[in-house]
Ligand code: FAD
């Protein structure tokens, strides 16, 4: 029998719209799907790691239904793959590309080792619509500003998604696999898991259903509703996109079909998908976006570090309703509405003048839809230190924002128990999700503001002026 190929799955937990699988099937070889809990994956934040574990377990079932298996192994990727190649006599390994610096370094090392061994090592697209090196400005560089980027990509051809095969060719014998339960990928979620579990949608089938439901109705109102956190007005596909449970090309084509049907809002939706691309392209070209001020002149800004105010922000106890509702939404649902993300990030970096990195790290620990590129771009955008960022002097006022985007107080009451005489289940669930060590109790009443908005704003602007005020 021909020697098998190893399919190394990472953030592409699906069988359709997957160029790596199409290429692998074309070889005619038996396929051995593998997922590796490597140090890069071990380092994920609590919520993302827990959610990924559920996605992997679900994907293993999907593969079993297609006559295949998902082999689970733990350890550094190259060592694990070397062992698997030795055990199975595999001809090589295929995978879908990722673009964060840690993944790129790991994958490059795997590829050169395979090459040195004389085996096949192939990386394929699949996580993005456009490979980062294929979108260039007229001068040949990468785009730093979204609007011209969008003009450059919106009319591009995107290959049609390929359907999932009914079956995957299996090898004669299967290598041994770990049991996912033994990995305890949810350990760091503690009490939060039981609460957030009610809000996640795991797997390709759930992702597809969500996309179809969104594009059949809510997308028509997306332009207005996407800014209203109390409404179910967005696709909520970020959770599935980040683990590759739905292919971005499938979403793009479905969004384009809705646009061509004349569905108002569909073009804005496509534009949001392009924001995701833009974030990835920036991360590919300027990986420092993940942990350093993208604009180096921000290094001299007197950012504050850890302290009681940051802790109050983390705990949804700032006394600022929009900020607290959004932070609590994150502990209850695992995600946060985009408007909430902008508000809490602006509040932390401006009213509290705290370094954006603290916020970025906290989101990485708490979001089930954590995405390295979108999170970094979002935080640096809010802080003013990033490419195409909101200017630092344009400071969101969370009090006026909440009146504008939550005029009836539905979002606030949904997540802040202390604001209702009869709090709903989600407001109460916050207290069941957060660590007991925070000592929170709805009976104690809602806290007063930890910072006066006018004073916080004035302090931030003075600091900004003090560093010269230039962008
Ligand atoms: P929809 O409105 O339905 O949009 C469809 C898809 O487009 C999203 O699923 C997402 O893939 C993409 N998208 C939409 N808005 C953005 C954006 N501003 N930037 C990049 N991609 C976008 N998104 C994440 O997926 N993971 C993160 O960790 C993350 N962290 C963020 C942190 C901050 C401070 C900010 C301001 C934004 C962050 N975002 C992040 C972007 C955005 O908030 C979410 O993508 C969006 O709220 C997800 O909800 P949705 O799927 O319903 O989006």
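The values are calculated or read from the model by the stated rules, or taken from the named source; none is laboratory data. Being a predicted model, the structure only gives us computed values, none of them experimental. Note: ideal-geometry Cβ built from the backbone for every residue, glycine included; neighbour counts use all protein chains shown.
Scanning the range 247-270 for residues that are under 18 Å from the mean Cα position of the chain (by Cα), closer than 21 Å to residue 162 by Cα and within 10 Å of the ligand (Cβ to nearest atom) yields a total of 3. For the range 286-296, the set of residues classified as surrounded by fewer than 12 Cβ atoms within 10 Å (Cβ to Cβ) and in a helix (DSSP H, G or I) consists of 296 only. Restricting attention to the range 342-357, the residues being part of a helix (DSSP H, G or I) and over 15 Å from residue 315 (Cα atoms) number 8. Checked against (1) under 30 Å from residue 20 (Cβ atoms); (2) in contact with a helix residue (DSSP H, G or I) (Cβ under 8 Å, 6 or more places away or on another chain); (3) away from the ligand (no atom under 11 Å from the Cβ), residue 305 meets all criteria but (1). When you scan the range 404-426, do you find a residue that is under 30 Å from residue 295 (Cβ atoms) and surrounded by fewer than 19 Cβ atoms within 10 Å (Cβ to Cβ), even just one? Yes. Which residues, taken from the range 116-129, are under 18 Å from residue 27 (Cβ atoms) and part of a loop (DSSP other than H, G, I, E, B)? Result: 117, 118, 119, 125, 126. In the list 334, 319, which residue meets the criterion of being away from the ligand (no atom under 16 Å from the Cβ) and closer than 30 Å to residue 409 by Cα? Sole residue among the options that is away from the ligand (no atom under 16 Å from the Cβ) and closer than 30 Å to residue 409 by Cα: 319.
Just a yes or no: is a residue in the range 441-455 within 21 Å of residue 231 (Cα to Cα) and touching a residue at least 40 places away in the same chain (Cβ under 8 Å)? Looking through the range 441-455, none of the residues is within 21 Å of residue 231 (Cα to Cα) and touching a residue at least 40 places away in the same chain (Cβ under 8 Å). Applying the criterion of being within 19 Å of residue 434 (Cα to Cα) and more than 9 Å from the ligand (Cβ to nearest atom) to the residues of the range 350-389, the residue that is surrounded by the most Cβ atoms within 10 Å (Cβ to Cβ) is 368. Scanning the range 189-243 for residues that are buried (at least 21 other Cβ atoms within 10 Å of the Cβ), near the ligand (Cβ under 10 Å from one of its atoms) and more than 20 Å from the chain's Cα centre (by Cα) returns 219, 222. Criterion applied to 299, 324 was being without any contact (Cβ under 8 Å) to a residue 24 or more places away in the chain, outside any loop (DSSP other than H, G, I, E, B) and away from the ligand (no atom under 12 Å from the Cβ), and the one residue passing it is 299.
Set side by side, the residues 310, 344 differ, and just one is within 13 Å of the ligand (Cβ to nearest atom) and at pLDDT 95 or above, which is 344. Taken as a whole, the condition of being modelled with pLDDT of 95 or more and under 24 Å from residue 378 (Cβ atoms) applies to residue 126.
For the range 258-273, taking the residues that are without any contact (Cβ under 8 Å) to a residue 24 or more places away in the chain and under 20 Å from residue 159 (Cβ atoms), the one that is surrounded by the most Cβ atoms within 10 Å (Cβ to Cβ) is identified as 259.
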